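Chemist: Structure provided below as structure tokens; questions to follow.
Only the coordinates and a few stated rules stand behind these numbers; no lab work does. Computed from a prediction, not measured in an experiment: that's the story for all the values here. With ideal geometry, Cβ positions are generated from the backbone for all residues, glycine too; neighbour counts draw on all protein chains shown.
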Amino acid sequence: MENRKVRELLSAERIGKRVAELGAEIARDFEGKEVVLVGVLKGSFLFMADLARAIPSEHVLIDFLGLASYGDETRSSGVVQITADLTKPVEGKHVVVVEDIVDTGLTMAYLLENLRTRHPASVKLCALLHKPSRAVRQIPIDYLGFTIEDHFVIGYGLDYAQRFRNLPFIGVLE
Ligand code: 5GP
């Protein structure tokens with residue numbers, strides 16, 4: 001582990017440009033409407049911070065929830081637990097879930113179904129990364145940053161054993 005090098009996959013500059021585009025798209029789609037950005041902890045914390053600032057609107061609310069997925073470090077089992085819930089009900093609200101990465105899709109399948117039972121006005125998904133080659137459940141991603149190959153990625157919020165979340169870019173451990 002200590003000898004492993006980090007290879008840059010997406011630079012901070014590329015991420016910044018794409019996040020600005022996603023923010024502009026969301027701002028256009030929700031013009032004049034209130035939208036609740038729901039960040040999935042912990043992986044989305046940097047993405048959320050940049051995305052929220054890229055939406056030039058006075059009608060943006062921010063909330064977070066925590067999910068624990070049963071499985072090992074690199075494989076999701078699809079059995080998901082909400083470890084920290086939203087601070088406010090989303091009934092009647094437009095919700096955009098802000099997620100770091102959609103891999104098998106099992107975590108998002110669970111969360112989107114769970115949120116729909118709370119009767120929001122709408123639920124959309126904004127994911128920074130997607131690994132389509134690993135999909136078990138097909139999850140429509142309304143706002144997508146980048147499609148990537150089947151690498152285990154770290155940085156910009158994403159961890160390996162809780163480390164590397166603070167890297168300003170996205171990299172692959174070699
Ligand atoms: P899924 O249920 O779609 O398989 O997994 C989603 C979750 O698994 C993500 O929110 C993330 O926490 C974790 N995950 C999936 N792929 C990666 C990866 O390449 N790197 C890291 N750090 N986490 C990942």
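Chemist: Go from 0 up to the bin containing the longest alpha carbon distance in the chain, width 5 Å each, and give me the % of pairs per bin.
Modeler: Histogram of Cα-Cα distances, whole percents per bin: 2, 8, 18, 22, 21, 16, 9, 3, 1, 0, 0.
Chemist: Read phi for every residue in region 138-152 and hand back ³J(HN,Hα) as whole Hz from Karplus 6.51 cos²θ - 1.76 cosθ + 1.60, θ = phi - 60°, with x for Gly and Pro.
Modeler: For region 138-152, the Karplus curve yields 7, 10, x, 9, 6, 10, 10, x, 9, 9, 10, 6, 7, 10, 8 Hz.
Chemist: If neighbour count is taken as other Cβ atoms inside 10 Å, put Tyr70, Tyr156 in order from fewest to most.
Modeler: Lowest count first: Tyr70, Tyr156.
Chemist: Nearest 10 degrees, 0 to 90: what angle lies between the long axis of helix 106-116 and the longest principal axis of the chain (Cα atoms)?
Modeler: For 106-116 against the chain, the angle is about 10 degrees.
Chemist: Another question, if that's okay. Would you order Val97, Val123, Val136 from fewest to most other beta-carbon atoms within 10 Å of each residue's own beta-carbon?
Modeler: By the 10 Å Cβ count, ascending: Val136, Val123, Val97.
Chemist: Calculate, in nm to one decimal, what His119 and Glu58 gain on full extension: separation in residues at 0.36 nm each, minus their alpha carbon distance.
Modeler: 19.6 nm
Chemist: Just subtract the alpha-carbon distance of Arg137 and Glu31 from 0.36 nm times their residue separation and send over the number in nm, one decimal.
Modeler: Working it through step by step, the gained length comes to 35.1 nm.
Chemist: While we're on this one: Is the C-alpha gyration tensor of region 1-68 telling us rounded, prolate or oblate? Criteria: a/c under 1.5 is rounded; beyond that, a/b larger than b/c is prolate, otherwise oblate.
Modeler: Oblate is the answer for region 1-68, as a/c is 1.5 or above yet b/c matches or exceeds a/b.
Chemist: Name the long-range amide H neighbours of Val96: under 5 Å, sequence gap of 5 or more, or other chain; modelled H, no Pro or chain starts.
Modeler: The answer is Val36, Leu37, Val38, Lys124.
Chemist: In deg cm²/dmol and to the nearest 500, what is the mean residue ellipticity at 222 nm of the chain if only DSSP H runs of at least 4 residues count, each as -39500 (n - 2.57), divided by the residue total?
Modeler: Helix contribution divided over all residues of the chain: -7000 deg cm²/dmol.
Chemist: Using Cα atoms only, what is the angle between the long axis of helix 12-29 and the major principal axis of the chain, expressed in degrees (0 to 90) to the nearest 10?
Modeler: Rounded to the nearest ten degrees, it is 20.
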